[in-house]
Each structure stands twice: as C-alpha cells, then as structure tokens.
1. Quick check, is residue 306 touching a strand residue (DSSP E or B) at 6+ places or on another chain (Cβ under 6 Å) and at pLDDT 95 or above?
2. Just the residues that are more than 30 Å from residue 17 (Cβ to Cβ) and part of a helix (DSSP H, G or I), please, taken from region 229-276.
3. Would you check if there is a residue in region 131-147 being surrounded by 23 or more Cβ atoms within 10 Å (Cβ to Cβ) and part of a loop (DSSP other than H, G, I, E, B)?
4. Return only the number of the condition from (1) without any contact (Cβ under 8 Å) to a residue 60 or more places away in the chain; (2) surrounded by 20 or more Cβ atoms within 10 Å (Cβ to Cβ); (3) more than 20 Å from the chain's Cα centre (by Cα) that residue 215 does not satisfy.
5. Among the numbered conditions (1) under 25 Å from the mean Cα position of the chain (by Cα); (2) touching a residue at least 40 places away in the same chain (Cβ under 8 Å), tell me where residue 107 comes up short.
6. For residue 306, are the conditions met, namely being free of Cβ contacts under 8 Å to residues at least 60 places away in the same chain, outside any loop (DSSP other than H, G, I, E, B), touching a helix residue (DSSP H, G or I) at 6+ places or on another chain (Cβ under 6 Å) and at negative phi?
7. If you scan region 60-81, which residues turn out to be out of contact with any helix residue (DSSP H, G or I) (no Cβ under 7 Å at 6 or more places or on another chain) and either within 18 Å of residue 179 (Cα to Cα) or away from the ligand (no atom under 15 Å from the Cβ) (or both)?
8. Could you pull out every one of the strands (runs of 3 or more DSSP E) wholly within region 8-122 that has 2 or more residues that are surrounded by fewer than 17 Cβ atoms within 10 Å (Cβ to Cβ) and at pLDDT below 95?
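The values are calculated or read from the model by the stated rules, or taken from the named source; none is laboratory data. The structure presented is a predicted model; accordingly, all values stated were derived computationally and were not measured. Positions of Cβ are backbone-derived with ideal geometry, glycine not excepted, and every protein chain shown enters the neighbour counts.
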Ligand code: PMP
C-alpha cells in the first residue's frame with residue numbers, strides 16, 4: 001500500500017491514522033455487529049458518535065455555550081443562500097467583502113434576494129491583497145458583514161478580523177481548525193467539511209443563539225439554522241458516515257495537540273514553501289505577503305508551456321493534484337492539517353530539482 005502526498009484543494013487528504021481507524025471499525029463498529037453506515041441516525045450508538053463529535057469540535061475551537069453547532073448538508077455553497085435567508089428576516093441588507101471567487105459566489109446568492117452591498121473589493125488590486133479595514137464601507141442598514149477568511153482558489157487569506165459593530169459572518173471552509181480563532185468575534189461561522197474537517201457531505205455552521213430568530217419566512221426548513229439547533233441537527237437523515245469520520249478527525253486533532261499545535265506546524269509548512277517559491281526566480285506567487293494563504297498556495301512557472309510536464313513528473317514522484325484552478329492557471333498546493341510536513345519538504349525538493357532540469 002502506498003499513500004501519496006495529495007495536494008488537492010478538496011476533497012483533501014485525510015490523516016492516515018483516521019482512515020485506518022475507520023477501516024478497523026468498518027464492518028463491525030465496536031462489537032455492535034454493524035457498520036456506522038448501517039446504523040439508524042436515531043440509535044443510541046449513533047447519537048453517542050454525533051454528540052462526541054460536537055463536543056470535541058467545541059473543545060477544539062473553544063466554542064462558548066451561547067453558540068449552536070450545526071451539522072448540515074448542501075456544502076458551504078448552500079450556506080451562501082442560508083446566510084441571507086437566516087439573517088434578513090427583520091430587514092436590512094447583507095454586506096459583503098469581496099476577496100475572490102468564493103466571496104463572489106456568496107454575494108450572488110444574496111443578490112437573488114436583492115440584498116447585497118459590497119463593502120470593499122480586492123478587485124482594485126486584482127485580488128492580490130485584502131482591502132484595508134478603513135476601506136470597508138458598510139451600508140447604513142447592514143444586517144451583517146460576510147467575508148471569506150481564506151480564498152481557496154486565489155490563495156488570499158485575511159490578515160485581520162473585521163470589526164464593524166454588525167454581526168460578522170465568515171466562510172471558513174478552507175481554514176477552519178488550522179489555527180485558534182476567537183469565536184466570540186463572530187455571529188456565524190460556516191465551513192464545508194472536505195478540507196480540514198472530514199469527507200465531503202457535511203457543512204458545519206457555528207451560530208450565536210441570538211441570531212437564530214432572524215430567518216425570513218420563506219426559508220426552507222432544511223436551511224433554517226433554528227430548526228437544526230432545536231433538533232440536534234437531526235431534522236432528517238444526516239450524513240451519518242461523514243459525521244462519524246469528522247469525529248475521528250476531531251479526535252485525531254486533539255491527539256496532535258489541537259489547533260494551537262496545528263497552527264505552529266501550518267505556519268512552518270507554508271513559510272518554507274513560500275520561501276522556496278520566492279528564492280527560485282522560476283516560480284512565482286502574486287499575493288501580498290500579509291495575505292498569503294497558509295492553506296492554499298498557488299504558484300506559477302516562469303514558462304507556462306512546462307505546466308503539463310511539471311504535473312506529470314510530480315505525479316510520478318507521488319505528488320498529486322497540484323494543478324491550479326482553471327481560473328488562475330499554474331499550480332496550487334493545498335496543505336491542510338492532514339498534509340504532513342514531509343509532504344511539503346518533498347514538494348520543495350521536487351520543485352528545486354525540476355527547476356534545475358528545466359529552468
Ligand atoms: N467556500 C470556500 C472558501 C471553498 O473553498 C469552497 C469549496 N472549495 C466552498 C465555499 C464551497 O464548498 P462546497 O463545495 O462544500 O459547497
């Protein structure tokens with residue numbers, strides 16, 4: 001068995017130890033004679049799995065008691081619609097910071113409700129730097145401010161938490177659990193699972209309880225945060241196996257020293273990859289240093305004609321899925337929690353060798 005280093009932006013690499021445990025428990029979960037996949041979501045065994053996962057996530061992120069943690073479906077994309085539907089019931093306008101493609105997708109969903117005001121856009125600098133805090137211009141009737149903490153495609157990460165006096169809503173799909181965060185600064189945090197949480201199929205929503213009463217009437221039940229909060233995220237059949245696997249990841253994270261330990265390793269991994277890019281003269285990354293993503297690192301080759309050669313040779317070297325998003329081109333290395341530092345070291349070695357041979 002060989003497990004390669006997988007740099008996919010999502011679904012992303014999972015810790016081998018987690019997959020091994022799932023494998024061990026696959027046919028017969030803890031002597032119960034059935035797989036987690038085959039359990040009723042209302043069985044006491046599954047309820048224990050679900051509650052444990054939530055408790056571990058709360059512990060990892062220090063989620064205060066006045067916040068609900070919801071396990072929903074439809075991905076982060078569904079929450080692009082869920083945010084305005086759940087927060088604009090009392091009127092007001094959805095305010096949005098635009099730092100890239102995922103921000104824009106969120107904005108588009110609010111536009112469907114005729115309620116999107118863009119407070120600032122990184123388009124002014126071709127999405128290479130986050131707008132400064134002083135440049136955020138909120139509408140008078142702002143119901144919330146939405147932003148994307150880490151733009152997975154562009155590789156732009158925020159270097160500050162906006163502080164504007166209105167509830168802050170954050171898409172943390174590609175950076176949740178990569179470092180400690182102060183939950184109390186946020187009204188709502190949501191994140192698709194398939195990067196730093198677990199397999200695809202779940203989106204986690206962390207919402208301050210006083211914001212649960214603001215849903216628009218037409219909000220579908222399966223998008224209504226309050227309905228999920230009131231029913232332990234068991235309104236209908238949840239993505240049980242993805243929930244269980246997410247729980248295994250949380251358990252693994254605790255064993256690694258939690259998000260503080262992850263933040264140290266992630267900072268080291270990202271710093272050495274950016275250093276290698278900057279030192280080369282052959283590879284380039286256009287993002288302003290303060291906004292360089294710790295999780296998704298796009299890089300261009302000096303000669304674009306070499307892109308397919310790079311990708312082929314990388315794959316042969318066991319370095320998978322380095323192709324950049326089609327809208328950006330070049331390469332992108334996604335280095336979430338489950339990417340070992342050895343994977344980044346191997347990539348850097350490969351990049352140096354490739355440059356020597358082709359540069
Ligand atoms: N937001 C961000 C920052 C993302 O990276 C992604 C997925 N790559 C999404 C939202 C959409 O997530 P999903 O595919 O789970 O709907």
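1. Details: touching a strand residue (DSSP E or B) at 6+ places or on another chain (Cβ under 6 Å): no; at pLDDT 95 or above: yes.
Against the criterion (touching a strand residue (DSSP E or B) at 6+ places or on another chain (Cβ under 6 Å) and at pLDDT 95 or above), residue 306 does not qualify.
2. So in region 229-276, the residues more than 30 Å from residue 17 (Cβ to Cβ) come out as 229-231, 235-236.
Those that are more than 30 Å from residue 17 (Cβ to Cβ) and part of a helix (DSSP H, G or I): 229, 230.
3. No, region 131-147 contains no residue that is surrounded by 23 or more Cβ atoms within 10 Å (Cβ to Cβ) and part of a loop (DSSP other than H, G, I, E, B).
4. Among (1) without any contact (Cβ under 8 Å) to a residue 60 or more places away in the chain; (2) surrounded by 20 or more Cβ atoms within 10 Å (Cβ to Cβ); (3) more than 20 Å from the chain's Cα centre (by Cα), residue 215 violates only (1).
5. If we test residue 107 against (1) under 25 Å from the mean Cα position of the chain (by Cα); (2) touching a residue at least 40 places away in the same chain (Cβ under 8 Å), just (2) comes out false.
6. On the way: free of Cβ contacts under 8 Å to residues at least 60 places away in the same chain: yes; outside any loop (DSSP other than H, G, I, E, B): yes; touching a helix residue (DSSP H, G or I) at 6+ places or on another chain (Cβ under 6 Å): yes; at negative phi: yes.
Yes; evaluated as a whole, the condition is true for this residue.
7. Once the filter is applied, which keeps residues that are out of contact with any helix residue (DSSP H, G or I) (no Cβ under 7 Å at 6 or more places or on another chain) and either within 18 Å of residue 179 (Cα to Cα) or away from the ligand (no atom under 15 Å from the Cβ) (or both), region 60-81 yields only 65.
8. Details: elements: 67-72, 93-98, 116-121.
Ranges flagged: none.
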